[in-house]
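The values are calculated or read from the model by the stated rules, or taken from the named source; none is laboratory data. Source: prediction; values computed, not measured. All Cβ positions, even for glycine, are placed from backbone atoms using ideal geometry, and neighbour counts span all protein chains on display. Just so you know, the surface numbers come from the protein's heavy atoms only, side chains and all, with ligands and any DNA or RNA stripped out. Shrake-Rupley method; radii C 1.70, N 1.55, O 1.52, S 1.80 Å.
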Amino acid sequence: MSASPARSSLILLWAGEDPAFYGTLTDALGAAGVPCQNMSIGSDSIAPDADPLPIDWKPRFGFEVAVPSHDMTAAKQILEKLLGEEPQDMEIPAQPLDIATAEPPLTQATETHPDVEIWNGGDDRVSEFLTAALQENEIPMHIETPDGQTHIYVCAAHESRAREIVREIVDAAPPK
C-alpha cells in the first residue's frame, strides 16, 4: 500500500539561523508550488534541557523547513540552486561624516562650565541612563537636583549631539 501525495510524510529540507535565506527559500518553494511546513526552532512545546552545555548540539533558535517526501527532489533542486548563489549584500552603507556632526575641537567653548539644560525629570532610571550615554560619548555634563527633579546640563558646543542622545533614549527613536 503506497502513501498518497496528500498523506506523505514530511522530510526536513533545511534548518538554519539565517532569516533572509529562510524567507528566500520559502518564497522559492511557494513559487514552485512545493508545499512546505515551516517552524521556528525553539517554538515547539517541548521544554528545553536543563543542561546548559548539551553533548548533542542543537540550535536553540532558527528555522526549519520540511517538505512532503514526494516533493523532496524538486525541493532539493531549489535548495541547491539557492545555496549556490552569492549571498545578498546586507551591509549597511557607510554614512558620510557631516561637518555638523563632527566632534567640536577642544576650545574654550567646550571646556567651559556646562550651562545648557538638555533634560530634566524625576525618573532616576532615565537620568542614570542618560548620564551613562553622555559619558560613553565623552560629553562633559553637570547634574543638579535642586527641586527633586534631575537637571542635566552640557556646554553649548555639545548641545546638538547631547539633545540627539536624549531624543534617542527618551523617545526610543533611532539615530537620525
For the stretch 38-59, check the following and say yes or no: at least one residue is modelled with pLDDT of 85 or more, assigned to a loop (DSSP other than H, G, I, E, B) and within 30 Å of residue 86 (Cβ to Cβ).
no
Those residues of the stretch 6-37 that are under 19 Å from residue 70 (Cβ atoms), at pLDDT below 85 and loosely packed, with under 11 Cβ neighbours inside 10 Å come to a total of 2
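This table checks each residue for (1) surrounded by fewer than 16 Cβ atoms within 10 Å (Cβ to Cβ); (2) among the β-branched types (Val, Ile, Thr); (3) assigned to a helix (DSSP H, G or I).
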| residue | (1), (2), (3) |
| --- | --- |
| 118 | no, yes, no |
| 134 | no, no, yes |
| 148 | yes, no, no |
| 152 | no, yes, no |
| 158 | no, no, yes |
| 163 | yes, no, yes |
| 166 | no, yes, yes |
| 173 | yes, no, no |
Exception for residue 125 within (1) within 28 Å of the chain's Cα centre (by Cα); (2) modelled with pLDDT of 75 or more; (3) over 24 Å from residue 158 (Cβ atoms); (4) open to solvent by 100 Å² or more (accessible area, probe 1.4 Å) falls at (3)
